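What follows is a set of notes on a single structure, which appears directly below.
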Amino acid sequence: MSTAIALAGNPNSGKTTLFNELTGARQHVGNYPGVTVEKKQGTCITDTGAFDIVDLPGTYSLTAYSLEEVVARDFLVNERPAMIVNIVDASNLERNLYLSVQFMEMGIPVCIALNMMDVAKKRGIDINIDRLSELLGVPVVPTVARTGQGKKELLETVAARAKQGNRALKISYGLDIDTALDEMEAEIKAAGFLTKTYPARWVALKYLENDKQILELGAEENKEVATRLAGIVQRLTSHLAATQDAHPEGMIADQRYGFISGVLKQNVVRYAEDRNRLQQSDKIDKVLTNRFLGPIIMVGVLMGLYNFTFTYSVLPTEWLEGLFGWIGGMAEAALPEGLLKSLIISGIVDGVGGVLGFVPLIMFMFLGISFLEDSGYLARMAFMLDRVFRLFGLHGSSVMAFIVSGGIAGGCAVPGVMAARTLKSPKERLATLLTVPFMNCGAKLPVYALLVAAFFAENQARVMLILTLISWIGALLVARLLRSTVIKGEATPFVMELPPYRLPTIKGLLIHTWERTWQYMKKAGTVILGISIVLWAMMTFPGLDDTTLTQFEAKRSAVTDNVSPALLNEISAAEGDDGLSEAALAVKEDLLLIDGEEAQAALKNSVAGRIGVALEGISRLAGFDWRTNIALVGGFAAKEVVVSTLGTAYSLGEVDPEENTSLAQRLQSAPGWSPLTAFSLMIFTIFYAPCFVTVVCIARETGSWKWAGFSVVFNTALAFGLSVAVYQAGKLIL
Amino acid sequence: MVKINLRQMQVDQTGTIASVKADGELGRRIRDMGLVPGKEIKVQGRAPLYDPVSLRIMGFTLTLRNNEADHIQVEVSQER
């Protein structure tokens, strides 16, 4: 038996607040082995000693249907914590006790922290704490987690009562079920069936509840006993079906609630007013979820979240960019020309800068979303939008991820993918994760800006609107497609609580935001840095051979040999083009032209370039030549790289994605380019493989590289199919 | 008293749950949240597109989709 204390309770019961209150900053977040469920651990130091506290995922029950519940259950049986501190919302006592009863049935010592006593009091709920403790047979300590009230008493009780080994609670499920339970318990005990880990009666109960996990474990442990138990369950099931038109699993839940109301009726709780009377919170809901006002306010809130995330993160992002620009500049000046310099500047400094560049975005996004989540508004958004998103096999809560990713053009799929964490339904969450990269993120905008400026200058606004619509329609239709193929399956039940509106605590928001951000830096960061170096290598190696290099040198000498040394000095001394004489300008231009040609040749010869050239045969179908192909390969690093790489491929040297006029002009006159090619490329840009930072995040969030790989391959194939269709159809019509 | 389907209830109407006919995960989720026979509920509102529905039970607010509400029979008084 460990000395750890498990903190468990319903969602919205104040569990996280209490955890933060108990552990302060002494906590860290990881994952339960093999799954993406967060595991929060911390230490609580008291006068008498220290406790390790594990914050179990918030659940309403302990079935095998959801990952969170299985994780919580496994932790309790495998780690055998010294005590479960069960947070119970006093203002919502009856439903919260449903989970408590299930803990008590497991036979682990339980201490109830009766939280939100202040809210209960305000609502006229009067609870006889001693009576409740006596009837349930566990200590009950009143607390108000937000203010820290009751924390000391709670810790004293835990210290005194932990490890005392509770007897498992035995409640009556009615004569039929009780008889079956007794019979099964005897069988289980006699055979020592799973009893090393689980209490016998609990296993019997889980057999009656048709619990998948326990049934599987049982079949592995001892086929014979498992079959006998299944026989008893079968007999009871047909008996209940015939006599009461009921199913054991349903009856057990009914009886648990029956047991709880039985306890509460014994003078435990008094309501000064009708419990279902409208509370403050419900009055707010009359406005916020009103048929007409609700959606309008929601659009406002989403715009607000969007502006908050992307406006306020600009300044810190600029600071970071400035910092990394400065470091890059230092490296530029200090290091000798060559591969090492290129690796350090283009691979490492840009890579680390790339990782950290997302940090302000992620922080502000999580701050905004945590506020919406903790205040209770997120649940209302899911409630209002569910009807629409369900059509596509998604969930009302998916909207957040789509908006952040660029549902309003200019977002970012990295925080967007992370925003999908608020979704509790696994299939809907996966479908959301895989389709949010189709949104028009801020990095795709420079690509559109370039192509629109070159080919659709008169219809700028209209084209942007069309692109936004295409990305939304595409994402939703693909979600539908995925949900009826690779992520097939029934919709996860929507049965969801609308928690009362609450003002989130600043401490909670900050801890939450910091945890998520730190996790991104630590886990995603290293992988991103690695891939960034690989991509650098692909765009650099093998470089030009000596003969070609000499040829370019010779061309340069041919220019410089014919001019006076004074003129050359003038060029190298001047910063920018200011003050240069006409003759010097002409020479400089010639030299830049050669530099551009050399860069183009080097790029074409690189691994990425060879891929681009090799793919030209197929990509012609969509109207792309090798230059576009290389640019798209580069776009895997970050979509705006498409612009700068295209610049290099057209011998213009590095093109600043924000300053694309020369490139736009070049494209207008370049052979093979037409508005149709541009449109085909824009379609491809919307749908093809997400940038690798997003891909890494998808792997992290789904817990498997399989889905990350899927998003690369599937999205690229889809994008190619769509661009070919657009290009070929366009050629026929135009 | 008459038995009707939860989907047919009007906003602000109250009733007592008579039976829950769902099993598997949906049945379990519905019951876990306290929608079991004998509990009083009150329909609190509907989403702008009329689905899902939100209701009060045991002093808290719960939402479920109409096709999930179909599994729940409610006893209501005849007026209305």
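Each value in this text was obtained by applying a stated rule to the coordinates, not by laboratory testing. These numbers come from a predicted model, not from an experiment. Cβ: placed from backbone, ideal geometry, glycine included. Neighbour counts: every protein chain shown.
To make sure I understand, if each residue's beta carbon is the centre and we count other beta carbons within 10 Å, what order do A:LEU591, A:LEU240 fall in, fewest to most? Mind dumping the intermediate values first?
Numbers: A:LEU591 16, A:LEU240 19.
Lowest to highest Cβ neighbour count: A:LEU591, A:LEU240.
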Check your understanding: Using +1 on the beta carbon of Lys and Arg, -1 on that of Asp and Glu, and nothing else charged, what's the dipole of the protein assembly as shown about the Cα centre, debye to 20?
Key -> 2860 debye
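Looking at the range A:145-176, which trypsin sites (Lys or Arg not before Pro) are in a loop (DSSP not H, G, I, E or B) and have at most 16 other Cβ atoms within 10 Å?
Working: sites: A:ARG146, A:LYS151, A:LYS152, A:ARG161, A:LYS163, A:ARG167, A:LYS170; in loops: A:ARG146, A:LYS163, A:ARG167, A:LYS170.
Listed in order of number, the matching sites are A:LYS163, A:ARG167, A:LYS170.
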Review point. Within the range A:507-532, what residues put their amide N at less than 19 Å from the label point 7 Å along the Cα-to-Cβ vector of A:ILE611?
Key: A:527-532
Review point. With a sphere of radius 11 Å drawn around the Cβ of A:ARG429, what net charge do the other residues whose Cβ falls strictly inside it have (Lys, Arg +1; Asp, Glu -1)?
Key: +1
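What does the average come to when, for each residue of peptide A:250-262, you count the partner chain Cβ atoms lying within 10 Å of its Cβ?
On the way: counts 11, 2, 2, 10, 6, 1, 3, 9, 3, 0, 2, 4, 0.
Taking all residues of A:250-262 together, the mean is 4.
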Exercise for review: Using a 10 Å cut-off on Cβ to Cβ distances, tally the other chain neighbours for every residue of A:269-279 and report the average as a whole number.
Suggested key: 3
Check your understanding: By a straight-distance test (C-alpha under 22 Å), which lysines pair with A:LYS122 as possible cross-link partners, with residues fewer than eight away in the same chain excluded?
Key -> A:LYS15, A:LYS151, A:LYS265, A:LYS283, A:LYS286, B:LYS42
**Study point:** Spatial separation of Cα centroids for the range A:225-240 and the range A:469-506, in angstrom
**Key:** 38 Å
Exercise for review: Taking chain A as the reference, fit the longest principal axis to its C-alpha atoms, fit the long axis of helix A:705-733 to the helix C-alpha atoms, and give the angle between the two in degrees, 0 to 90, nearest 10.
Suggested key: 50 degrees
Exercise for review: Using packing as a proxy for protection, rank A:226-239, A:444-457 so that the peptide with the highest average count of other Cβ atoms within 10 Å comes first.
Suggested key: A:444-457, A:226-239
Study note, to complete from the structure: 1/(1 + (r/R0)^6) with r = Cβ-Cβ of A:ILE466 and A:LYS706, R0 = 30 Å, i.e. FRET efficiency to nearest 0.05, evaluates to 0.35
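Among A:530-536, A:639-645, A:611-617, how do they line up by average Cβ neighbours within 10 Å per residue, starting with the highest?
Details: A:530-536: 18.1, A:639-645: 24.6, A:611-617: 15.7.
The peptides rank, most packed first, as A:639-645, A:530-536, A:611-617.
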Review point. Rounded to the nearest 0.05, what FRET efficiency is calculated for A:LEU568 and A:ALA670 with R0 set to 30 Å and r the Cβ-Cβ distance?
Key: 0.40
Review point. Between A:SER581 and B:GLU40, how many nm apart are label points set 7 Å from Cα along the C-beta direction?
Key: 9.9 nm
Exercise for review: Please give the calculated 222 nm ellipticity per residue for chain A, where each DSSP H segment of at least 4 residues contributes -39500 (n - 2.57) and the sum is spread over every residue; nearest 500 deg cm²/dmol?
Suggested key: -19500 deg cm²/dmol
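Among DSSP bridges having both ends in chain A, what percentage is antiparallel? Round to the nearest 5.
Numbers: 16 of 34 bridges.
Around 45 percent antiparallel, to the nearest 5.
What ranking do A:671-680, A:197-206 get when scored by the average of other Cβ atoms within 10 Å per residue, highest first?
Details: A:671-680: 17.8, A:197-206: 21.4.
Those peptides, ordered most packed to least, come out A:197-206, A:671-680.
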Exercise for review: Measure off 7 Å from each Cα along the Cα-to-Cβ vector at B:ASN67 and A:ALA717, then give the distance between these two points in nanometres to one decimal.
Suggested key: 2.8 nm
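Give me the number: length gained by fully extending A:THR179 to A:LYS122, i.e. 0.36 nm times residue separation minus the C-alpha to C-alpha distance, one decimal in nm. Before the final figure, lay out the partial values.
Details: separation 57, 0.36 × 57 = 20.52 nm, distance 4.40 nm.
Extra length from A:THR179 to A:LYS122 when fully extended: 16.1 nm.
At 0.36 nm per residue, minus the direct Cα-Cα distance, what do A:LEU529 and A:LEU340 gain on full extension? Give it in nm, one decimal, please. Can you show the working numbers first?
On the way: separation 189, 0.36 × 189 = 68.04 nm, distance 1.63 nm.
Value of the extension gain: 66.4 nm.
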Check your understanding: Label-point separation (nm) for A:LYS283 and A:TRP518, each offset 7 Å from Cα along Cα-to-Cβ?
Key -> 4.1 nm
Review point. Which residues does a label at A:ILE327 reach in the range A:504-547, if reach means a backbone N under 20 Å from a point 7 Å past the Cα toward the Cβ?
Key: A:517-537
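Given a Förster distance of 60 angstrom, what is the FRET efficiency for A:ARG291 paired with A:GLN551, based on the Cβ-Cβ distance and rounded to 0.05? Write down the numbers at each step before the final one.
Numbers: r = 73 Å, r/R0 = 1.21.
Taking R0 as 60 Å, the efficiency between A:ARG291 and A:GLN551 is 0.25.
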Study note, to complete from the structure: Check: in the range A:293-508 the Lys pairs 8 or more apart or on separate chains whose Cα atoms fall under 30 Å apart number 6
